[in-house]
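The block underneath contains the structure these notes are about, expressed in C-alpha cells.
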Amino acid sequence: MNFLVCQTITSSGTPKNSGLMACYNPSMKSLLVRKNILIVCVCLFVGLLCFAYGLAAGTYKLPPYSAFASARTYAEAHLLPNTPTPTPDNADAAYPEVMSKIVALVKQQNFQTKTEQIDYVREFIYQNSQHGLDAESVKYRLELPVTLQMLWDYSQTHTNPPLLECSSRTVAMLYILDSLGIRSRMVNVFTSDYDTLRSHTFLEAYNPDSGHWEVQDPDYDIYYVYKATQARVSTSQILLEPLDQFQVQSQFPDQVDTTSHSILPHYFQAVVFHDELGGVDMGIVNTTRFHFTGGGKDLYSYVKRSFGKVPFLTVQEFETLP
C-alpha cells in the first residue's frame with residue numbers, strides 16, 4: 001500500500017476534491033513479490049549449503065532433542081520388512097550344510113520359548129570359541145562359513161577352538177538366529193572415557209516372547225535386565241536411562257563382574273544401529289555421557305571410515321521417563 005495525493009475528476013473536468021488518500025500502487029505489489037522470491041531463494045541456497053556440508057563431513061546430525069522419547073521410540077519400534085538376511089557373499093557349498101547342523105542342534109533341545117533358543121545360540125558361540133586375535137585368526141575372522149565350521153567342529157571335538165573378536169561372534173549369532181526365523185541386528189557402542197575412542201559390538205534380538213529388542217552379547221555371554229523387575233532390556237534403554245537401574249546377567253560370574261565394571265558403566269554413551277540387512281541405519285549419542293574431547297572427538301570420522309554416512313541423533317539422559 002502506498003500513500004499518494006489523489007484527485008477525483010468531475011464530468012466537467014474540474015477536480016471535485018483532493019487530499020492524501022491510501023491508493024493502491026501496482027508497482028509496489030511487484031516489488032514485494034520480487035522481495036519474497038529473493039528471500040525464499042536465499043533460504044533454499046543456505047539450506048543446500050548446510051546439507052552439502054553434512055554430506056562432505058560424512059555424517060549429518062539431526063537436531064538435538066530435549067526429550068529422548070523420539071529416539072527411544074525409533075530404536076524400540078523400528079523394524080524392516082521381515083526379509084531374511086542375505087546369504088554371505090563368501091558362502092561356499094559347505095555353508096548350508098554346517099548351518100543346517102547348527103540349526104538342527106538348537107531345535108533338538110526342544111525349547112518351549114524363543115527366549116531359550118536365543119540364549120542357547122549365544123551360549124553356543126561363547127562356549128565354542130575364544131576371544132582373541134592372532135596371525136592365523138586374522139585370515140578367517142571375516143569368513144563366516146569358516147567361522148561357523150570351526151564353531152561346529154569344536155562343539156563336537158573340543159579341540160582347536162576358533163579365536164574370534166566381538167564382531168565375529170556377533171555376526172555368527174546373527175546368521176544363526178536368522179536361520180531360526182529370529183530377527184536381529186548388530187549394534188556398536190562407543191565410549192569417550194579413554195585417550196582413544198573405543199567400541200564394542202554385540203547383537204540385539206527381536207524376541208517374539210516379549211515383543212521387544214533385547215541385548216544379546218555373545219562375546220561375554222551376557223544380557224542385561226532391570227534390577228527392579230528382572231525384565232530384559234534393549235540398547236536404547238541402557239543408553240538413555242540411568243545406568244544404576246540395570247544389571248548384567250550370565251551363567252558365568254566372572255563375566256558378570258567384568259562387564260559390570262568395564263562395559264556397562266563406560267560403553268553405553270553412543271550407539272550405531274545396523275539394520276537387519278546389514279546396512280547402517282542410525283546413530284544416537286547421549287550427550288550427558290559422551291564427550292567430544294579426547295578420544296570422543298574421533299567418533300564421527302571413525303563411523304564414516306567404518307560404515308559410511310550415518311545420521312546421528314543427539315539426546316540427553318533423563319532421570320524420569322516421559
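The values are calculated or read from the model by the stated rules, or taken from the named source; none is laboratory data. These numbers come from a predicted model, not from an experiment. Every residue, glycine as well, gets a Cβ built from its backbone with ideal geometry; the counts of neighbours run over all protein chains shown.
So the check is Cβ under 8 Å with 6+ separation or different chains; which pairs have a first residue in segment 220-244 that's under 17 Å from PHE290 (Cα atoms) and a second one that's part of a loop (DSSP other than H, G, I, E, B) and among the polar types (S, T, N, Q)?
LEU239/GLN269
Please pick out the residue among ASN188, ASN160 that is polar (S, T, N, Q) and within 21 Å of the chain's Cα centre (by Cα).
ASN188
Given the criteria at pLDDT 90 or above and either within 28 Å of TYR120 (Cα to Cα) or acidic (Asp, Glu) (or both), does GLN251 qualify?
yes
Step by step: first the residues of segment 206-245, then only those that are among the aliphatic types (A, V, I, L, M) and over 16 Å from VAL271 (Cβ atoms), then the one that is surrounded by the most Cβ atoms within 10 Å (Cβ to Cβ). Which residue is that?
Looking at the filtered set, the residue picked out is ILE222.
With respect to PHE273, is the statement that it is in contact with a Leu (Cβ under 9 Å, 6 or more places away or on another chain) and not aliphatic (A, V, I, L, M) true?
Against the criterion (in contact with a Leu (Cβ under 9 Å, 6 or more places away or on another chain) and not aliphatic (A, V, I, L, M)), PHE273 does not qualify.
What about VAL225, is it of a type outside the set (Ser, Thr, Tyr), assigned by TED's automatic domain parsing to the domain that holds VAL189, touching a helix residue (DSSP H, G or I) at 6+ places or on another chain (Cβ under 6 Å) and outside any loop (DSSP other than H, G, I, E, B)?
No; evaluated as a whole, the condition is false for this residue.
Of ASP195, ASP244, ASP209, which residue is over 20 Å from the mean Cα position of the chain (by Cα), within 19 Å of THR113 (Cβ to Cβ), of a type in the set (D, E, K, R) and not in a strand (DSSP E or B)?
Among ASP195, ASP244, ASP209, only ASP209 is over 20 Å from the mean Cα position of the chain (by Cα), within 19 Å of THR113 (Cβ to Cβ), of a type in the set (D, E, K, R) and not in a strand (DSSP E or B).
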